[in-house]
Amino acid sequence: MANCVRCCCWLLVLALMALAVTAAVVFVRYKNGGQGFPFPGVPGAVDHKYTDALGVALQFFQVQKSGKLVNNTIHWRGDSALDDGKEAGLDLSKGMYDAGDHMKFGFPMAFTATMLSWSILEYGDAMSAADQRDSAMDALHWIMDYLVNAHPSDDVLYIQVGDPKADHKCWERPEKMAEKRPLTKITPKSPGSDVAAETAAAMAAASLVYKPTNATYASSLLDHGERLFAFADKHRGSYTRTFPELSAYYNSTTYQDELLWAASWLYHATGNHSYLAYATGKNGKDFADLGNPRYFSWDDKRAGTEVLLSRVSFFASQESDVAQDNVLGQYKQTADAVMCILLPDSETAAFRTEGGLLYVAEWNSLQHPVASAFLAAVYSDYMLTSGKTELSCGGQSFSPADLRKFAKSQADYVLGSNPMKISYLVGYGDRYPQRVHHRGASIPADVDTGCDGHKWLESSKDNPNVATGALVGGPFKNDTFSDKRDNVMQNEATTYNSALVAGLLSALLSTSSLAKSLS
């Protein structure tokens, strides 16, 4: 009898614990706005490996912050670039440095913001359960404040702070910079549809993030986004054609993909069908190259757009006009084809290393597999939430679990399950790169080198400061990696890499259904 009573007591305790967990999650949802996102289902058990890794990854945004630092958690960082934008009467002191340098490149920075927003929108509840959502929101806000200030009027967008040629000749801490930091802007006579449209996408996506908790800020972001899109579409041209000297840094292949990407985000943010019609009408037919799967990156947004518009197809009512849209169906078919090249057992599987890494490019080799894994995880969740649980790749059939398995394999490779037995996420695990190509990390905090601190670049010693959260470029095709500071191809970290890996880790934190609408 005593055993029976004891058993009943334990059952009661477990039941109360389950209710407490559920109540906590409901409270988190209420605190975060309680509206149609991040997703309606209670997250499952949080995976502590990915929770720990996400906590590390998000710290790199603190490392990369420019401006007057608030609640600074990186002891070797301080205020920097406080006068950025002054020559134009603007405050461009915020934003984030691009990589190991001190440039503010608007094109990849806006992409960073778009990806942070997408991750929060889909997986914000899981982030909250892992106590990481506030960190992601802080990073996003720091970038969005900069991007808002960089758009002072309808047809003007400041797209760069600093001279990349001069900046790359210097090796110094950002806190000690004394060189001139010239501004670059696009206008109707000097167009840059790619960077304007990517910034519009960031504004639209971020407006959705802030809509439940700060409607005024969200409305301002959306207004910027719509005006930027109109500017990008009316005055067409690539910014690296306008400024050919910048093609050596972030060369834009074309602006067409960014226009479709921005229109897709604006459709989600506004519900205005004219944006969907833009992506599925003549522009979609001319620009999307539907039927040809591609990889997702800061330069090519087509795969991301296909997945984002597939969201509409997955969750639209079968009787709606949207569900019957033939071009929208082609976007989803192309997204299916993207997923098929990612699955290792598919007949159309793309090349991967012996260690299992999807391998697309030698320079910054981790960008494409991490971006692809994020898309696969998102697509898997769209399938599960919509009840469409079969992906057809030719004569083969795959499930959402297969996509999630691929996503986890790429994340695990990054975190140390690779032939080198090294974590490519700095600060995570027992072994990670110690000589990251990063100026601030490589120079002691109390040293003022001036521009010529190259002895720190050339030193074979470990960095005195840890660039926590940096996702370095990654291995070569044979899975090898050389931890040398001057090995820019493999050992430089980028802010947009951090946004991608943060998104992937957020997707893997837990399991739950996604919101059927982002608005």
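The values are calculated or read from the model by the stated rules, or taken from the named source; none is laboratory data. Since we're looking at a predicted model, the values are computed, not measured. Note that we place each Cβ from the backbone using ideal geometry, even for glycine, and neighbour counts take in every protein chain shown. To get the accessible areas, we keep the full protein, side chains included, count just its heavy atoms, and leave off ligands, DNA and RNA. Shrake-Rupley method; radii C 1.70, N 1.55, O 1.52, S 1.80 Å.
Tell me which residues, restricted to segment 157-170, are open to solvent by less than 30 Å² (accessible area, probe 1.4 Å), within 16 Å of residue 246 (Cα to Cα) and outside any strand (DSSP E or B).
Within segment 157-170, 162, 164, 167 qualify.
Among the candidates 154, 194, single out the residue that is surrounded by fewer than 16 Cβ atoms within 10 Å (Cβ to Cβ), in contact (Cβ under 8 Å) with a residue 12 or more places away in the chain, farther than 18 Å from residue 102 by Cβ and of a type outside the set (Gly, Ala, Ser).
154
Yes or no, residue by residue, for (1) assigned to a helix (DSSP H, G or I); (2) within 16 Å of residue 505 (Cβ to Cβ):
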site	(1), (2)
72	no, no
75	no, no
110	yes, no
120	yes, yes
123	yes, yes
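Can you find a residue that is without any contact (Cβ under 8 Å) to a residue 12 or more places away in the chain and not hydrophobic (A, V, I, L, M, F, W, C) anywhere in segment 246-254?
Yes: segment 246-254 contains one or more residues that are without any contact (Cβ under 8 Å) to a residue 12 or more places away in the chain and not hydrophobic (A, V, I, L, M, F, W, C).
Identify all residues within segment 381-404 that are open to solvent by 70 Å² or more (accessible area, probe 1.4 Å) and β-branched (Val, Ile, Thr); write none if there are none.
Within segment 381-404, just 389 meets the criteria.
Table: residues versus (1) modelled with pLDDT under 95; (2) in contact with a strand residue (DSSP E or B) (Cβ under 9 Å, 6 or more places away or on another chain); (3) not acidic (Asp, Glu).
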site	(1), (2), (3)
244	no, no, yes
258	no, no, no
263	no, no, yes
272	no, no, yes
278	no, no, yes
289	no, no, no
298	no, no, yes
321	yes, no, no
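Against the condition open to solvent by less than 10 Å² (accessible area, probe 1.4 Å) and under 22 Å from residue 302 (Cβ atoms), how does residue 205 come out, does it pass?
Working: open to solvent by less than 10 Å² (accessible area, probe 1.4 Å): yes; under 22 Å from residue 302 (Cβ atoms): yes.
Taking the combined requirement at face value, the residue satisfies it.
For residue 350, are the conditions met, namely being part of a helix (DSSP H, G or I) and either among the hydroxyl-bearing types (Ser, Thr, Tyr) or open to solvent by 10 Å² or more (accessible area, probe 1.4 Å) (or both)?
Here the answer is no, as residue 350 does not meet what is asked.
Here is a list: 372, 320, 365. Which entry is open to solvent by less than 10 Å² (accessible area, probe 1.4 Å), more than 20 Å from residue 290 (Cβ to Cβ) and out of contact with any His (no Cβ under 8 Å at 6 or more places or on another chain)?
On inspection, the qualifying residue turns out to be 365.
Look at residue 508 and say whether it is under 30 Å from residue 125 (Cα atoms), touching a His at 6+ places or on another chain (Cβ under 9 Å) and of a type in the set (A, V, I, L, M, F, W, C).
Against the criterion (under 30 Å from residue 125 (Cα atoms), touching a His at 6+ places or on another chain (Cβ under 9 Å) and of a type in the set (A, V, I, L, M, F, W, C)), residue 508 does not qualify.
Tally up the residues in segment 224-236 that are crowded, with 18+ Cβ neighbours inside 10 Å and under 16 Å from residue 189 (Cα atoms), please.
Going through segment 224-236 one residue at a time, the tally reaches 4.
Quick check: anything in segment 477-487 touching a residue at least 60 places away in the same chain (Cβ under 8 Å), open to solvent by less than 50 Å² (accessible area, probe 1.4 Å) and small (Gly, Ala, Ser)?
no
Condition check ((1) under 14 Å from residue 472 (Cα atoms); (2) open to solvent by less than 30 Å² (accessible area, probe 1.4 Å); (3) not aromatic (Phe, Trp, Tyr)) across all residues:
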position	(1), (2), (3)
418	no, yes, yes
424	yes, yes, no
435	yes, no, yes
438	yes, yes, yes
458	no, no, yes
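Could you check how many residues of segment 85-101 are more than 20 Å from residue 206 (Cβ to Cβ), touching a strand residue (DSSP E or B) at 6+ places or on another chain (Cβ under 9 Å) and open to solvent by 10 Å² or more (accessible area, probe 1.4 Å)?
Adding up the residues that qualify gives 2.
Would you mind finding the one in 467, 407 that is open to solvent by less than 60 Å² (accessible area, probe 1.4 Å), small (Gly, Ala, Ser), touching a helix residue (DSSP H, G or I) at 6+ places or on another chain (Cβ under 6 Å) and more than 18 Å from residue 78 (Cα to Cα)?
It is 407.
Of all helices (runs of 4 or more DSSP H) completely enclosed by segment 179-276, which ones contain at least 2 residues that are of a type in the set (D, E, K, R)?
193-210, 215-234, 256-270
Given the conditions (1) in contact with a Pro (Cβ under 7 Å, 6 or more places away or on another chain); (2) small (Gly, Ala, Ser); (3) closer than 15 Å to residue 425 by Cβ, report the number of the one that residue 440 does not fulfil.
Residue 440 satisfies every listed condition except (3).
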